[in-house]
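Worksheet: one structure, shown below.
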Amino acid sequence: MIGAVSSNAQVPSQESAPTSVTVTHEGPIIRVERLEFAAGLSADGRVRPAMVRDVVRHPGAVTVIAVRDDGALVLVRNRRVAVDRWLIEFCAGKLERGEDPAMAAGRELEEETGYSAQHLVKLGAFFTTPGFSDEIMHVFLATQLRPVAQRLEPGEELEVVIMRQSELESAIASGAVSDGKTLGAYLLWTLQRSGGALGGDLS
């Protein structure tokens, strides 16, 4: 079958280790490394020229699908400086070094939305932008919500948005919701709701 991927397929190991790793930027959240690779052979036997790749190292992050007792979804409208836009998203935040993702999910939910969850379950995880970053996004489902004090961090600009599932799907279809983590998390949730298994974890 065209496009089918066998669950038993062998993933090729890394073809070669970098010959040089240079840190070109060290910030409060990310580190940028320049990796240099010597010429060699690729997995299919072709000659691979020497190359340089810039890679963003990230501590990982969490995003939370928060569902109220009435079935409405709790999202946020967040000002994203990198794209100079206000985006509608599931609430999210970065992990502290070595932090348990479940703890981070509960914290970010309270801080950004003003809701606390009595029930929190992990739906899966995915790489956000593996073309240049090692960031892993951990996806959680939060239910049995109760209101608490919202605690925005200094500099955060966001507002809480309540949407029905049908409204969110329409916003995704129209492009009004274009945040990648929200799209990926929504897919995991809908698959789980339709009886699918929870998504795999990444390490």
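Laboratory data are not the source of any read-out in this text; all were calculated from the coordinates shown. Every value quoted in this text rests on a predicted model; they were computed, and no experiment measured them. Glycine also receives a Cβ, built like all others from the backbone with ideal geometry; neighbour counts cover every protein chain displayed.
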Rounded to the nearest 5, the percent of DSSP beta bridges in region 61-193 running antiparallel is 80 percent
In order over region 40-51: 3J(HN,Hα) from phi, Karplus 6.51/-1.76/1.60, θ = phi - 60°, whole Hz, x for each Gly or Pro, gives x, 10, 7, 4, 8, x, 7, 6, 9, x, 4, 8
The residues His138, His119, sorted from fewest to most surrounding Cβ atoms within 10 Å, come out as His119, His138
Given the candidates Gly98, Gln150, Thr19, the one whose Cα lies deepest towards the positive end of the charge dipole of the chain, counting +1 at each Lys or Arg C-beta and -1 at each Asp or Glu C-beta, is Thr19
Given backbone amide H placed at 1.01 Å from N, residues whose amide H is under 5 Å from that of Asp54, ignoring those fewer than 5 places away on the same chain, are Leu35
For the chain, the longest principal axis of the Cα atoms and the Cα long axis of helix 165-174 enclose an angle in degrees, to the nearest 10, of 50 degrees
For region 33-126, listing chymotrypsin sites (Phe, Trp or Tyr not before Pro) in a DSSP loop whose Cβ sees at most 15 other Cβ atoms within 10 Å gives none
Between Val177 and residues 5 or more places away or on another chain, the pairs with built amide H atoms under 5 Å apart involve Ile172
Given backbone amide H placed at 1.01 Å from N, residues whose amide H is under 5 Å from that of Glu135, ignoring those fewer than 5 places away on the same chain, are His58, Thr128, Thr129
Magnitude of the Cβ-charge dipole (Lys and Arg +1, Asp and Glu -1) of region 102-202 about the Cα centre, nearest 20 debye, reported as 500 debye
Checked against the structure, the computed Rg and Dmax of the Cα atoms in Å among (i) 16.4, 53; (ii) 18.2, 59; (iii) 19.5, 59 is the one labelled (iii)
Taking every other residue with Cβ under 9 Å from the Cβ of Val21 and scoring Lys and Arg +1, Asp and Glu -1, one gets -1
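Explain nothing, just the number: dipole magnitude of region 57-98 about its Cα centre with +1 on each Lys and Arg Cβ and -1 on each Asp and Glu Cβ, in debye rounded to the nearest 20.
300 debye
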Tilt, helix 180-193 to longest principal axis of the chain (alpha-carbon atoms), in degrees rounded to tens, equals 70 degrees
To the nearest 20 debye, the chain has a Cα-centred charge dipole, built from +1 on Lys and Arg Cβ and -1 on Asp and Glu Cβ, of 320 debye
